[in-house]
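Notes follow once the structure below has been shown.
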Amino acid sequence: MEGAMSGQTENGQWAAGATETSLKDARGLIIQYAWWLKKQGLKDETIVNYTSKLKILASNGAELNQPETVKDVLAKLQKALYAPIQRFLKCLE
């Protein structure tokens, strides 16, 4: 399977920390979380939004049941997004 949950980059390599087993575990956790959100009465659009963010984290190597790996991946993603966002804001000036 290709896409965000495959854990593979466009050139077919695995993202750092992403393994087939960890991605299967992540899928299970995400499904459980989505069902829990549904039972809490959240709208489908909100559930899709929340779970898509978790899929991105998992595909970038975060073990969703290990908070430290999630924090590490978030820090890396934020750093990677910082420069493009700054350029965009400068363009708006």
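The values are calculated or read from the model by the stated rules, or taken from the named source; none is laboratory data. No experiment lies behind these values; they were computed from the predicted model shown. Quick reminder, even Gly has a Cβ in these numbers, built from the backbone with ideal geometry, and neighbours come from all protein chains shown. Side chains included, ligands, DNA and RNA excluded: accessible areas come from the protein's heavy atoms. Shrake-Rupley method; radii C 1.70, N 1.55, O 1.52, S 1.80 Å.
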Completion exercise
Excluding residues fewer than 8 positions from residue 90 in its own chain, the lysines with Cα under 25 Å of it are 76, 79
Handout entry: Table column - 3J(HN,Hα) (Hz), region 44-60, Karplus curve with 6.51, -1.76, 1.60, x for Gly and Pro
Key = 4, 4, 5, 4, 4, 4, 4, 5, 5, 5, 5, 4, 4, 4, 5, 5, 9
Problem - log₁₀ of I(q)/I(0) at q = 0.12 Å⁻¹ - region 24-93, Debye sum with one point per alpha carbon - result: -0.43
Practice task
Could you state how much accessible area residue 82 has, in square angstrom rounded to the nearest 10, with a 1.4 Å probe and all protein chains kept in place?
Solution key: 140
Exercise for the section: Give me the net charge of residue 54's neighbourhood, meaning all other residues with Cβ under 13 Å from the Cβ of residue 54; Lys, Arg count +1, Asp, Glu -1. Expected result: +1
Practice task
Note down the nm distance, to one decimal, between modelled labels 7 Å out along Cα→Cβ at residue 44 and at residue 74.
Solution key: 2.9
Practice task
Please give the net charge around residue 35, taking every other residue with its beta carbon less than 14 angstrom from that of residue 35, where Lys and Arg add +1 and Asp and Glu add -1.
Solution key: +2
Exercise for the section: Using R₀ = 25 Å, calculate the FRET efficiency as 1/(1 + (r/R₀)^6) where r is the Cβ-Cβ separation of residue 32 and residue 82; round to 0.05. Expected result: 0.20
